[in-house]
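Working notes, beginning with the structure itself.
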Amino acid sequence: MALTITNSTYAGEHAGLYISAALKQARTMEFLTIRENINYKEVVNKVAGADLIKDRSCNFDEQSATLTLTESVLEVKPLQVNIDICKKTMLSDWSGQQEGDFVAYATSYLAASIADATELAIWQGTAGGNGSFAGISATGMATSSASAAYDASNIIANLGQLVADIPANVYMADDLYIYMNKKTYRFYINAISALSAFPFNNMGQYEPVFEGVKIAVVAGLQDNVMYAGQKSNFYFGTSLSSDLTEIRVLDMANLDGSDNIRLVAKYTAGVQVGVAADWVKQA
């Protein structure tokens, strides 16, 4: 018996539920702040005050206090997935997984593609790249020099240098993270496992941390690069409720006689650091 697929279209807020789930599969999403209702641009503001607290008096002197407003622009880029997949290919996988809803299973193909592309673009993307968006920019960040390409013999020293270069005003913040990729994290685990005073293999579940700073292990970051910054100062923007967001699953059999399923997703994405001076990059 042939498989009959009911063509499905989700737009706006309904599609946003699927897109949101897909984006959150990207590992980095756990370690940044998500802004969900940006159709084009949003100004990210951060206010810092100095000399605000004074001895009590009868006077008012606004000139002796300082409020500094720092802003950056979070811009999202329209992106899409348009693919044809042969039913034969998908049916084989679908039967193996024993999924009850074929349309839901088909959208999982979209979710995986969106998550992988988003993870890579956050760290290495370019505004002009086809299917990408402008990734994190190191412009204005503090710099930290690595001694050499990372390996198990030098990763501890390089992490120590990175932490030493973290701006003092954000050091020990609750949402401060060191961002590294899986290869770098493997070097770190190898190094600490070799320390007789650190029996890593017998500790059970381990929360990644270095000298009190939490470690975020992400997939899209380049080799031999680490960042340190606050989750609250790292923004991902998208629009989940506008007409820019759409998902479709189309059976092409009745349209062109082919045995293909056409999967379509339209969404927006972008990333920005709020105050670059509160971040540090090591490379």
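The values are calculated or read from the model by the stated rules, or taken from the named source; none is laboratory data. Quantities reported herein were computed from a predicted structural model and do not represent experimental measurements. Every residue, glycine as well, gets a Cβ built from its backbone with ideal geometry; the counts of neighbours run over all protein chains shown. All accessible areas refer to the heavy atoms of the entire protein, side chains included, with ligands and DNA or RNA removed. Shrake-Rupley method; radii C 1.70, N 1.55, O 1.52, S 1.80 Å.
Points to keep in mind about this one:
- Using a Förster distance of 41 Å, the FRET efficiency for residue 252-residue 39 (Cβ separation, nearest 0.05): 0.85
- Accessible-area value, residue 266, 1.4 Å probe, nucleic acids and ligands omitted, Å²: 80
- Extension gain from residue 130 to residue 21, taking 0.36 nm per residue of separation minus the Cα-Cα distance: 37.0 nm
- Residue 264/residue 53 FRET efficiency (R0 45 Å; Cβ-Cβ; nearest 0.05): 0.20
- List 248, 56, ordered by accessible area with a 1.4 Å probe, largest first: 56, 248
- Here the peptides 186-194, 250-258 are ranked by packing, the mean other Cβ count within 10 Å, and the order with the highest first is 186-194, 250-258.
- Given a 1.4 Å probe and the protein chains as shown, residue 211 ends up with an accessible area of around 120 Å².
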